[in-house]
């Protein structure tokens with residue numbers, strides 16, 4: 001698919017599938033290819049929060065955790081419509097050991113707009129707060145488990 005087709009209104013479901021393909025490529029160890037795919041998607045449709053979130057996860061998996069945090073922080077700055085990106089930002093900050101992670105995670109929980117994002121935020125906040133039972137409760141979801149798998 002061309003960048004032009006992506007820019008000119010490709011169906012949202014297709015864009016989600018492209019982001020998922022990039023995510024799966026990363027899970028299979030094809031980090032460079034995944035990053036290339038997702039970078040193209042983000043360049044063509046920069047307003048789509050999920051694409052930026054997945055690109056950040058892929059970058060973190062390939063050893064670029066600080067870059068991923070910086071770029072995602074820039075993306076979510078001032079946006080209230082990017083719960084999944086904000087939750088992933090909080091998750092990456094947890095991975096990096098940053099205390100400010102809780103602030104981003106609480107924002108997602110308080111907005112309560114995207115159930116996937118809220119699940120990730122609750123589980124990550126539980127990690128920050130050391131609540132093992134809550135981690136088990138929220139961490140049972142496939143969404144949480146897949147996102148927390150940041151090993152390169």
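The values are calculated or read from the model by the stated rules, or taken from the named source; none is laboratory data. The model shown is predicted, which means the values in this text are computed figures rather than measured ones. Because the Cβ atoms are built from the backbone with ideal geometry, glycine has one as well, and the counts that use them run over all protein chains shown.
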Subject >> Pick from region 10-56, criterion out of contact with any helix residue (DSSP H, G or I) (no Cβ under 7 Å at 6 or more places or on another chain) and outside any helix (DSSP H, G or I), ranking: surrounded by the most Cβ atoms within 10 Å (Cβ to Cβ) >> reply: 10
**OP:** State whether the residues of region 119-133 include one that is modelled with pLDDT of 90 or more, farther than 22 Å from residue 13 by Cβ and within 13 Å of the chain's Cα centre (by Cα).
**Re:** yes
Subject >> Conditions (1) touching a residue at least 24 places away in the same chain (Cβ under 8 Å); (2) surrounded by fewer than 17 Cβ atoms within 10 Å (Cβ to Cβ); (3) more than 19 Å from residue 59 (Cβ to Cβ): number failed by residue 96 >> reply: (3)
Original post:
Does any residue of region 59-66 turn out to be more than 16 Å from residue 15 (Cβ to Cβ) and crowded, with 24+ Cβ neighbours inside 10 Å?
Top reply: yes
